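The values are calculated or read from the model by the stated rules, or taken from the named source; none is laboratory data. It should be emphasised that the depicted structure is a prediction, and the values quoted were computed from it without experimental measurement. Glycine also receives a Cβ, built like all others from the backbone with ideal geometry; neighbour counts cover every protein chain displayed.
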Amino acid sequence: MDDFKQETLDPQDWDEMRRLGHRMVDDMMDYLLNIRARPVWQPIPQDIRNSFKSEVPMKPDSPENVYREFKGTILPHPMGNIHPRFWGWVIGTGTPLGALAEFLAATMNPNVGGGDQVAQLVELQVIDWCRQIFDFPENSSGILTSGGSMANFLAIAAARNTRAEFDIRRDGLHDAPRKMVMFASSETHSSVTKAAEQLGLGRNGLVTIRVNDDFQIDLADLKAKYQSAVEAGNYPFCVVGNAGTVNTGAFDDLVALADFCSETGLWFHVDGAFGALARLVPEKAGLVSGMERADSLAFDLHKWMYMPIEVGCALIRREPDHRKAFSLTPEYLAHARGGIAASEMWMSDYGLQLSRSFRALKVWMSIKEHGLEKYARMIKKNCDQMQYLAQLVRAQPRLELLSPVELNIVCFRYVIAGWSDKELNTLNEDILIQLQERGLAAPSSTTLNGKYAIRAANVNHRSLHSDFDFLVQQVVCIGDSMTGENLTTS
Ligand SMILES: *Cc1c(COP(=O)(O)O)cnc(C)c1O
């Protein structure tokens, strides 16, 4: 067959594709530049919802048309997390260069499962930077993951596999001589529970420890539950410490947990999804002291390092623990004497995925672009903004602060004297829905000791102090108009 007539998926007209690409870059830069003028979020109209229920396309359309449809139906209805007034859950913002790095990575499109290729060197470089940031030893190892959930999963799998008293990779948990149990506080993120479930430990294998009034793990309860587990003939193998809980941003006493783990021989894992990064800010670094003694650490780069989703990282203190937990080399992946397969090091030996994206590139480019000192300033700015918000809440008689502000999370609610918690819970939920549906601001919510809280978590490099003035004004204004209270307006 005539080569010329054979199809590929490359464009027939490269110049046209090039022009379209340039236009996309221009449009996206304008979009980011003008993001503040847009609503944070808006409900998706029914006709747009319906447009995503079509039949699978059988015939081609032009890239132009496909892009036009993207601009019409997709681009105007984002989650909102790149907006300066988005503080929902803990979701980062991304950056312009981060977005462009995603394009570069997708263009090279390597499979970073292994092999002698530069993408793997970039990932190893990035992991080594993370190791330096968190003061882990030189012979520790790590892997970039989709996020904190997968980083927690991999680290807890390494803990389980390393500490099992038998060949758990061969036998599974069927023949376990003793029931393996781990410990974490009631404020621990659901991804740790999911990991315990999926790793065969079960939810009952994850023993929940009480928290104190500051939402930190209660050490006396930990010691008591550890003792009962031993007396019951179980095998305790791991403690999870929190560096920044998802509800309130609380930090467990990581020094005490590290001490407890060295006394008992338990694996010490830290979930530092966003809070681990407090280490970059000298005034806050004390919160995470003890974290550098962990056997494993999970954290995100797409939260408080502001990188495009997805990217997180698991660091494991001793490289062999990490490799032995996951390495499995069938013949078709044999490492060769030369050529592409010659690499000693295969990232796929350190996790579950074989095909892996080049997510390291956006990390490498972003850290070079800004330098660590600037990240430290951004993180400090976010903390200062939340102290500022807490101060506004305290100064406003209509509002009540519901938890101490340790770092970057503020939980508060609108209150009226004489209303029950139940009534206030409904009212505050209504206020939050209004804030979001009118596109004004996007905190999320949580419930603390039975009280519904409007919860703002700040990992947003675009927020300005005035955005928090606006938030407080709007909450009071919406609350007043819903309850007919118009005494306070500012
Ligand atoms: C966000 C978060 C996670 C999960 O991380 P993902 O990146 O969303 O998978 C785990 N723990 C804490 C404390 C978190 O805030």
Given (1) within 14 Å of the ligand (Cβ to nearest atom); (2) in contact with an Asp or Glu (Cβ under 9 Å, 6 or more places away or on another chain), index of the condition Ala196 fails: (2)
Hits in region 201-237 - residues which are surrounded by 14 or more Cβ atoms within 10 Å (Cβ to Cβ) and in contact (Cβ under 8 Å) with a residue 40 or more places away in the chain: Leu201, Phe215, Ile217, Leu219, Lys225, Tyr226, Ala229, Asn234, Tyr235, Pro236, Phe237
Single residue of region 292-318 satisfying the filter (acidic (Asp, Glu) and closer than 18 Å to Arg356 by Cβ) that is nearest to the ligand (Cβ to nearest atom): Asp300
Wholly within region 363-456, strands (runs of 3 or more DSSP E) carrying at least 2 residues that are free of Cβ contacts under 8 Å to residues at least 24 places away in the same chain and over 19 Å from the mean Cα position of the chain (by Cα): 399-401
Whichever residue in region 317-359 is part of a loop (DSSP other than H, G, I, E, B) and of a type in the set (Phe, Trp, Tyr) and, among such residues, is nearest to Gly98 (Cα to Cα): Phe358
Residue within region 171-182 that is under 27 Å from the mean Cα position of the chain (by Cα), of a type outside the set (A, V, I, L, M), away from the ligand (no atom under 16 Å from the Cβ) and in a helix (DSSP H, G or I) present: no
Candidate set: region 56-95, residues that are of a type in the set (Gly, Ala, Ser) and under 19 Å from the mean Cα position of the chain (by Cα); chosen: the one farthest from the ligand (Cβ to nearest atom): Gly80
Qualifying position, being under 20 Å from the mean Cα position of the chain (by Cα) and outside any helix (DSSP H, G or I), among Gly142, Gly113, Gly98: Gly142
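Yes/no matrix, rows are residues, columns are (1) at pLDDT 95 or above; (2) within 16 Å of the ligand (Cβ to nearest atom):
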position	(1), (2)
Pro236	yes, no
Gly249	no, yes
Ala258	yes, no
Thr264	yes, no
Ala278	yes, yes
Residue in region 204-215 that is assigned to a loop (DSSP other than H, G, I, E, B), at pLDDT 95 or above, over 19 Å from Asp321 (Cβ atoms) and more than 14 Å from the ligand (Cβ to nearest atom) present: yes
